[in-house]
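Read through the structure below, which is laid out as structure tokens, and then see the notes.
The values are calculated or read from the model by the stated rules, or taken from the named source; none is laboratory data. The model shown is predicted, which means the values in this text are computed figures rather than measured ones. Neighbour counts run over all protein chains shown; Cβ positions are idealised from the backbone, glycine included. The accessibility values were calculated without ligands, DNA or RNA, using every heavy atom of the protein model including side chains. Shrake-Rupley method; radii C 1.70, N 1.55, O 1.52, S 1.80 Å.
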Amino acid sequence: MSEQRYAILIGNGQYDPHEPKLPALRCPPQDVAGLKEILSSDIHGPYRVTDLVDQPSTAIKEAIYDVLLNQAGKDDIVLLYYSGHGKPDQHGDLHLASSDTRTKFLPITSVPVGTLGQWMRQSRCSRIVLILDCCYSGAVERIFTRGEVSDQVAQALPKQVSGRGTYILTASTDVEMAEEKETDQNGLLTKHIIAGIRDGGADRDDDGQVSMNELLAYVQEKVAAEGAQTPLGFSFSTEGGELVLARTGKEARQQRVTQVRQAIHQLAATQHIPSRIVWTILEAIEPSSNHSLARQGRIDRLYRKHGDAQALATEMYDIARELDNAAQNPPLPLPATPAPAPTLVPITALPPKSEEPPSSGEKPFHVSPVLVSALSVAAVLILLVIKGVFPWSTPTPVIALRPEVTIEKALGINIATLLALPGKDEFIVVPTEMTYGRPFSLARVTASGVVKWSVAEGFYQGVRLDSPSRLLALSEGKAPTVFDLDTGRVIPSTIPAPQPAAPQESGDSTPAVPGPGLPSAMDVVKKRYGRLSEFKALPDGDYVVLLELAPGKKRAFSLARVSPQGKPQWSVTGPYTEFRVESNLVVATTSDGAGVAIDLVTGNLTGQSVKPGRGGTGR
């Protein structure tokens, strides 16, 4: 028996007028209508849709119970969607408000998410999706991770989500509001869910399908760009392949590429298209090429014209001109009318075009081979000069930013810890704080700032590779959390919590390593700023560091007071070769004995005279 897809779409915009805590909402009925149009269609679904708009709690609970416990089979998919007011009770448990909800009697006049969780666990259906577009919707995590479901571990959706299990997508965290803007027809989350499926933007791998993992990544990016709310995703008891929520209605990218490639070969066999144009286009649409949205859009442009030879040729010239402009190459002009092709010649064996002698009696014009050779040599020399091969051409210097600078700019964060992964141009990042724009406490990112996976829960003070496939992250006073390096999944571990470090004796400048799995502050600073000349621990847990002088390298600072996470509390720049800590001062001196006295707390210059002397090193 083939799978069945059920969707229960609940939208509540009208409430008891005597409930001031439940004001009317404009968007929920339109949210339900928009999703119903998408999900009930053969193009994107189809789902068997039950829509419930402004209904009492009893009717809503009956409809959900009937589908989960009576209708849905093991291999079916059930989607539960709610748009309206989310209200936590005095215990923090989330309730979905209905038309008859009274906040004084919240548990019995609403739809408790705890009840939904119980029915979802009892259902035979092994693939259930819950989407909540309401305030405080992130509170569902605590409901699904209580003791009675200890076998289920909540986590941010990993890189490869599983095809069976329970998937939850929320509009916000447990302390955030969910928005509906005056200029929009839908709630902020629902607007981007509909657009991501209908227009295909959520189909990140361009295979014609939208998985839960792809939808989460898409709405997190879009919602964060518009409002101060943070969509979250959780998965429970998952296994198998990716769970596909909907289809985009487009053929998979590879199928479109195949048809476009065949059309280009056929066109080149029947018309004279310059080989540079042909090969430029063929190279641009190869599956191994960059999957940027711009390039993907070009494939769609060619695909729409692949059945019309004239339109396809024009589109090929247009795209080649765009690529030439991007590469600053002189483009080939588009002829007024395509040249006819008298014979069919395979693209792989296009012979050089021969010129027929003039039909008139005039003597044909011939170019001297010597002149051609001289012009060729001159062109090569000019090209070499431009590329900087010869010494009289000075190439423009390329300024390479440190990885942490690039990542911070790309993600809009301040990095507390940066751990480079061996053999990869990738890093593990711990931000100084979570932000609305990039709500994670730990992430694996590329050097250009592309997030491979991220973790939204917990606060981590440091990270360390436990093995080539395991990452340890430590929170103060807690046992290290072990992550799978490839997927970001939490791995159960028996590593104990670190014991408090013994107090340091006066004058000891070697920082203690705070527990298993956590790199020393010295390691953190080295990773972030480069080699150290001196490193001293302060009684309050901070450190004073001096960067090793490196000829030709510009540093953001040469001397700084930093936190255990490597974040500067203050910094100064100068050619200092050593420093010492005296009471509330840092005395930094150069190789010739000149120096400055710096206030240890503020980092301000004090103007006091500096006496020669040297403190102990931290290495």
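Relative protection proxy for 305-311, 206-212, from highest mean packing down: 206-212, 305-311 (other beta-carbon atoms within 10 angstrom). Residue separation of R304 and Q4 scaled by 0.36 nm, minus their Cα-Cα distance, works out to 104.7 nm of gained length. The alpha carbon centroids of the stretch 48-76 and the stretch 127-146 are separated by 17 Å.
With a Förster radius of 41 Å applied to the C-beta separation of R142 and T406, the computed FRET efficiency comes to 0.65.
Judged by the gyration tensor of its Cα atoms, with axes a ≥ b ≥ c, the stretch 15-132 is oblate; a/c meets the 1.5 cut and b/c is at least as large as a/b. The distance between label points at E182 and R261 comes to 5.3 nm (points 7 Å beyond Cα on the Cα→Cβ vector).
What ranking, highest mean first, results for peptides 229-235, 538-544, 213-219 when packing means the other Cβ atoms within 10 Å averaged over each residue?
229-235, 213-219, 538-544
Heavy atoms only, probe 1.4 Å: what % of the accessible area of the stretch 1-136 goes to carbon and sulfur, would you let me know? Answer for the stretch 1-136 is 50 percent, counting heavy atoms of protein chains only.
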